[in-house]
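Here is the structure we will look at, set down as structure tokens.
The values are calculated or read from the model by the stated rules, or taken from the named source; none is laboratory data. None of these values were measured; they are calculated from a predicted model. Ideal geometry is used to build each Cβ from the backbone, glycine not excepted, and the neighbour counts take in all protein chains shown. Accessible surface areas use protein heavy atoms only, side chains included; no ligands, DNA or RNA. Shrake-Rupley method; radii C 1.70, N 1.55, O 1.52, S 1.80 Å.
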Amino acid sequence: MDIRSLFPILDQTVYGKPLIYFDNAATTQKPQSVIDALNSYYTTLNSNIHRGAHYLAAKATDCYEQTREAVRLFINAKHSHEIVFTRGTTESINLVAASFCQRFLNNGDEIIVSGMEHHSNIVPWQLACERLGGHLRVIPFSDEGILDLNALENLINAKTRLIAVNHVSNTLGTINPIAEIVKIAHSHNIPVLVDGAQSISHMAVDVQSLGCDFYCFSGHKMYAPMGVGVMYGKEELLNEMPPYQGGGEMIKEVTFEKTTYNELPFKFEAGTPSVGDVLGLKAAIDFMNLCGIDNIAAHEKMLTDYASQQLREIEGIRFFGVAPHKTSVISFLIGDTHPYDVGTLLDKLGIAVRTGHHCTQPIMDRYKIPGTVRASFAVYNTREEIDLFIQALQRIAPMLQ
Ligand code: PLP
């Protein structure tokens, strides 16, 4: 299968050079099948879901609920009502932070996050802590970018209410040992939330074998449209948690005296959801299943090993995140050159990378750097593109140092 040809956006030039898209950790491009799913929804099916008495509403509802089942299978959740659609990882984490903490966090309690979290897995917990009088504790990590699990054990105490960690760091690429973290947490009866934004498109995710209590991800980082994401939560916990937002499908009965809430998952889906984007997510899952997640992982590993090996030849290069278990994210600096200068010059050569703090300022503080240059690969990238990237850096490096 010629996977690349399924992505129309890649077939273009920028500044007269063929586009090389290495900004996949920020968002992936979309295959034609996902674009077609969106188009087909708006040309043949557009209708508000649930409770509609007419054909289009019933059909749109069916497709929406079929996607929920496709997501359940994709991450091997036990029940489809444990899958809640959101706008993305950030909204999923905010939902849990607001609702879980309202129910379980009391004055003086603690939430543990890691030092390598995206701001989306820090700030929602800080907001909840500010509101309810809680405190954040932070798991440190080594120079290589490996979490210190002994430190985690020491951070846990009788006041710990939840541990929130990413499966994969968007800046360092480290794959964190989630099953092990869950084991430690559960031995103290502490639930674990996993930020899966950077893992979901790179490896098979099985929430039951990981054992985690919440797993959050965004569609747009796994070939689906922007505007849709998932919050998986274990039924027992979701049943205990209050609604996050009010209105629309989340109610059972409303009176001015008292409102009762709908069952799962609708309790957490207030208002009209982004139905077209949800259907696009189904097309993206179909695309990933067609490729095979193990094939995707093997291809990306080949690209990452190939790129890392050649990058080592660039004079003055410094890598950030060299853990043995990594996804296809490479963060680096060339000497003391500002990452933005490298990114801007690469851009003029048609190569899209991300520069800056990648919404992980605590990581930058940890290494005392302003940011990094981040190249991140997806299933459609090629060795030839990496060759051009290396040639470009070889040209750029002497100009900047
Ligand atoms: N968590 C991680 C690890 C991420 O990489 C990102 C996005 O880059 C997010 C959370 C936030 O995702 P979104 O902006 O799709 O909500």
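Here are some notes:
- Screening Gly173 with (1) of a type outside the set (Lys, Arg); (2) away from the ligand (no atom under 16 Å from the Cβ); (3) in contact with a strand residue (DSSP E or B) (Cβ under 6 Å, 6 or more places away or on another chain) gives one miss only, at (2).
- Inter-residue pairs, beta-carbon under 7 Å, first over 12 Å from Arg72 (Cβ atoms) and within 16 Å of the ligand (Cβ to nearest atom) and in the stretch 229-240, second assigned to a helix (DSSP H, G or I) and open to solvent by 30 Å² or more (accessible area, probe 1.4 Å), 6+ apart: Gly229/Glu91
- When the residues of the stretch 101-132 are filtered to those that are over 24 Å from the mean Cα position of the chain (by Cα) and in a loop (DSSP other than H, G, I, E, B), the one that is nearest to the ligand (Cβ to nearest atom) is Leu105.
Residue-wise test of (1) of a type in the set (D, E, K, R); (2) touching a residue at least 60 places away in the same chain (Cβ under 8 Å).
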position: Gly280; (1), (2): no, yes
position: Phe287; (1), (2): no, yes
position: Ile296; (1), (2): no, yes
position: Lys301; (1), (2): yes, no
position: Ser308; (1), (2): no, no
position: Thr344; (1), (2): no, no
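- No other residue among Leu303, Leu311, Leu345 is surrounded by 18 or more Cβ atoms within 10 Å (Cβ to Cβ) and in contact with a helix residue (DSSP H, G or I) (Cβ under 6 Å, 6 or more places away or on another chain) apart from Leu345.
- In the stretch 323-341, the residues that are closer than 22 Å to Asp305 by Cβ, away from the ligand (no atom under 16 Å from the Cβ) and either crowded, with 17+ Cβ neighbours inside 10 Å or at pLDDT below 95 (or both): Phe332, Leu333, Ile334
- Among the candidates Val96, Val84, Val165, residue that is in contact with a strand residue (DSSP E or B) (Cβ under 9 Å, 6 or more places away or on another chain), within 30 Å of Phe332 (Cα to Cα) and open to solvent by less than 10 Å² (accessible area, probe 1.4 Å): Val165
- Close Cβ contacts (under 6 Å, 6 or more residues apart or on different chains) running from residues in the stretch 82-106 that are within 22 Å of Ser274 (Cα to Cα) and acidic (Asp, Glu) to residues that are away from the ligand (no atom under 14 Å from the Cβ) and part of a helix (DSSP H, G or I) comprise Glu82/Glu235.
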